[in-house]
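Each reported figure results from applying straightforward, stated rules to the coordinates on display, with no laboratory input. Note that the coordinates shown come from a computational prediction; the quantities given were computed from them, not determined experimentally. Note: ideal-geometry Cβ built from the backbone for every residue, glycine included; neighbour counts use all protein chains shown.
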């Protein structure tokens, strides 16, 4: 069967994270991270706006299963973002650190975990003067 070379995947539409407690996770993502809750759906789903991409929080399909990727959220000022999150009771797993000096900017990252121990990254691309 010949492949259609004109086909390619489109942009991301939704990301899913495995959670164990919807109410606890909704409170964390909405109240601590400041994300906009789009809707909740029975029995245990919650959907957030993640800059035009939906973030779906759902329990594992099979007991004991837990899959996750690291989500990296862009922030303008990583130090300010970490301070704001800290004031909301969010503990950082890794403080802001310079991870790469690029040709025209420096890449900074910091890490935290949600209530189900999913890793979330903060990233800031700081232009060089």
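With neighbour counts taken as other beta-carbon atoms within 10 Å, the residues 68, 6 rank, fewest first, as 6, 68.
On the principal axes of its alpha carbon atoms, the chain extends 50, 48, 26 Å, with the longest extent given first. Sorted fewest first by neighbouring Cβ atoms within 10 angstrom, 39, 28 come out as 39, 28.
Given a cut-off of under 8 Å on Cα pairs at least six residues apart, what relative contact order in percent is computed for region 14-127?
Details: 209 pairs, mean separation 28.2, N = 114.
Over region 14-127, the number comes to 25 percent.
Every helix of 4 or more DSSP H residues in the chain counts as -39500 (n - 2.57), and over all residues that averages to -3500 deg cm²/dmol at 222 nm.
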